[in-house]
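Down below is the structure, laid out as C-alpha cells.
The values are calculated or read from the model by the stated rules, or taken from the named source; none is laboratory data. Treat the numbers as computed from the prediction; the structure is a model and nothing was measured. All Cβ positions, glycine included, derive from the backbone under ideal geometry; neighbour counts span all protein chains shown.
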Amino acid sequence: MPEPLDAALTEVRTLLLDPTLTRAVAAGRRRGQRPSVVRAELRPVVLKAGPRLQISTSDGSRPYTRNVAPGTEAGSAVDALLAEPFGNWHVETADATLQLRVTKSGEAQVHRAAATRTAAEPVGHDRAKEYLLDPGDPIFAEIGGSAAKRRQVDAFLRALAATLPEELTGPLRVVDLGCGNAYLTFAAYRYLARRGLDVELVGVDVREDQRRRNTELADRLGWAGRVSFVAGTIADAVVEPAPDLVLALHACDTATDEALARAVRWNARWVLAAPCCHHDLAAQLRSRPAPAPYELLTRQGILRERFADVLTDALRAGLLRLHGYRAEVVEFVDSRHTPRNLLIRARRTGAAPTEGQRAEYRELVDQWQVTPRLAALLAGDAPNT
Ligand SMILES: C[S@@+](CC[C@H](N)C(=O)[O-])C[C@H]1O[C@@H](n2cnc3c(N)ncnc32)[C@H](O)[C@@H]1O
C-alpha cells in the first residue's frame, strides 16, 4: 500500500540518524525530477576524532566523500539528502531494513523487514570494507583471486546491482566476455542467483585452457548446468540463446569494442563493460596532426594517451546512444584498486537517435579524423553512424 511520502521520509530520517545504522543508499530519481547527485551512500565510521557519519556521493563520474559529526551536522546533512528527489532509499540498521520507492504519483511504497544480518561495528574508514559478496564466501576458496581482484569484482557487482531493476524476475541470460579466470563470472552468478533470479551464465574467452579450468571449477561448485564456458573470440563465439545482460571486465584493448558490438547485435538489454588498455585511437592520433587549436592536447605522449582514453570511451558511449542505448561512463571502483576503473554502463531503450546526436558524433570523429573500432564493427548494423 502506498504511504504519504513525507511520513515515510521522516521514518527514513530516524533510521539514518540511528546509532545502529549499518548502511544506507539513495539512488534513482522521481518522475520528472533529477537529484543533484546520482547516488548517495551513508555509513558509520570511527575516525581519530570519534564516530562520524560518512556520506559518499557520486555525480556519475566522480565520487565525493565527507565525514560529518553526529548531532546537528549529521542532521543537516541528512535533511539535505532527504530533500533531494531520489527515487529510492535503502536503509539498514542493526534491527531493521527499510526500502522506500517513490511511485509515479509521488507516494512512498515502503518495504520493512527485520535485519537480515548482524550490524557491522563502526570501523575505521580505511578498514570499513563492505562487500556485496562476503570475501569469506566459500566460492572464493575455489576460484581464488587476490584481494584487489575481489574488490574490483565486488565493485563491478555493485554497479550491476544498481543497473538491474529491483523488480526483475524471470530467466536471465548473461554472458561474460573475455572472462579469463572467471572471477567475475562466478561471483556474478552467485550474486544473481542469490537475488532469486533464474540465471544462466556463459563465460567466453579465446583461451581453451581457461575454458577447461573454468568448466572444472563450475563442476566443483555444483553449477555445471548453470555456468558454462566457451572457447572462442568475443566476435564469433556461439552463445545461444542471445543474452539479456553482457558483462566484460578488462577485455583487452579493442576486445571491449567487440564486446559492445556483440551486445548491440544481440540486442542485449543491459551492458556493463569496464575497458582495459586503449591503443587503437592512441595510434591513430599519433599518426596525424591534431586539428587546430588542439595541438597542445596531443603533443606530449602521456597527454595524448590520456586524451585517447577519454576520446575512445566518449565515442563508445556516443555510438551506443546511436544504437538505441542509454549509455553512461562512470567510475566503478577506486583507482587504488585498479587504474582501469571506468565502466561503460548501458541500458537498451530502443530510442532512435536524434539528428543532433548523430551530428554530435559525426563532427567529433570528422574533426579528429579517427575511426573508432566500434564504429567499424557496427558499420552496416544501423544507418545511424
Ligand atoms: C585482462 S584479462 C581479464 C579477464 C577477466 N575478465 C578479469 O577481469 O579477471 C582479458 C581476457 O580477455 C581475453 N580476450 C582478449 N581478447 C579476446 C577476444 N577477442 N576474444 C575472447 N577473449 C579475449 C584474454 O584471453 C584474457 O583472458
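Taking the stretch 146-184 only, how many residues are assigned to a loop (DSSP other than H, G, I, E, B) and either more than 10 Å from the ligand (Cβ to nearest atom) or surrounded by fewer than 23 Cβ atoms within 10 Å (Cβ to Cβ) (or both)? Residues that pass the stated criteria total 10. Figure legend. Inter-residue proximity from the stretch 231-253: first residues of a type in the set (Phe, Trp, Tyr), second residues at pLDDT below 95 and part of a loop (DSSP other than H, G, I, E, B), beta-carbon distance below 6 Å, spacing 6+ or different chains. No pairs are indicated.
Yes or no: Arg13 among the basic types (Lys, Arg) and either touching a helix residue (DSSP H, G or I) at 6+ places or on another chain (Cβ under 9 Å) or not assigned by TED's automatic domain parsing to the domain that holds Gly75 (or both)? So Arg13 fits the description; yes. Within the stretch 207-219, count every residue that is within 13 Å of the ligand (Cβ to nearest atom) and buried (at least 17 other Cβ atoms within 10 Å of the Cβ). Final tally of qualifying residues: 3. Scanning the stretch 358-385 for residues that are free of Cβ contacts under 8 Å to residues at least 40 places away in the same chain and more than 27 Å from Arg286 (Cα to Cα) yields Gly380, Pro383. Here is a check on your reading of the model: is Thr65 without any contact (Cβ under 8 Å) to a residue 12 or more places away in the chain and assigned to a strand (DSSP E or B)? Considered against the rule, which asks whether it is without any contact (Cβ under 8 Å) to a residue 12 or more places away in the chain and assigned to a strand (DSSP E or B), Thr65 comes out as yes. What residue, of Ala346, Ala375, is in contact with a Leu (Cβ under 7 Å, 6 or more places away or on another chain) and assigned to a helix (DSSP H, G or I)? Only one candidate qualifies: Ala375. Checked against the criterion of being buried (at least 24 other Cβ atoms within 10 Å of the Cβ) and away from the ligand (no atom under 16 Å from the Cβ), the candidates Leu281, Leu285, Leu260 yield just one match: Leu281. Screening the stretch 263-278 for residues that are within 13 Å of the ligand (Cβ to nearest atom) and buried (at least 20 other Cβ atoms within 10 Å of the Cβ) and picking the one that is nearest to the chain's Cα centre (by Cα) gives Leu272.
If you check Arg288 against the conditions, is it part of a loop (DSSP other than H, G, I, E, B), farther than 22 Å from His323 by Cβ and modelled with pLDDT under 95? Yes, satisfied.
If you check Ala49 against the conditions, is it surrounded by fewer than 18 Cβ atoms within 10 Å (Cβ to Cβ) and more than 19 Å from Ala113 (Cα to Cα)?
On the way: surrounded by fewer than 18 Cβ atoms within 10 Å (Cβ to Cβ): yes; more than 19 Å from Ala113 (Cα to Cα): yes.
Yes; evaluated as a whole, the condition is true for this residue.
Selection within the stretch 220-252: residues that are within 8 Å of the ligand (Cβ to nearest atom) and closer than 22 Å to Ala379 by Cα. The member of this set that is surrounded by the most Cβ atoms within 10 Å (Cβ to Cβ) is Ala248.
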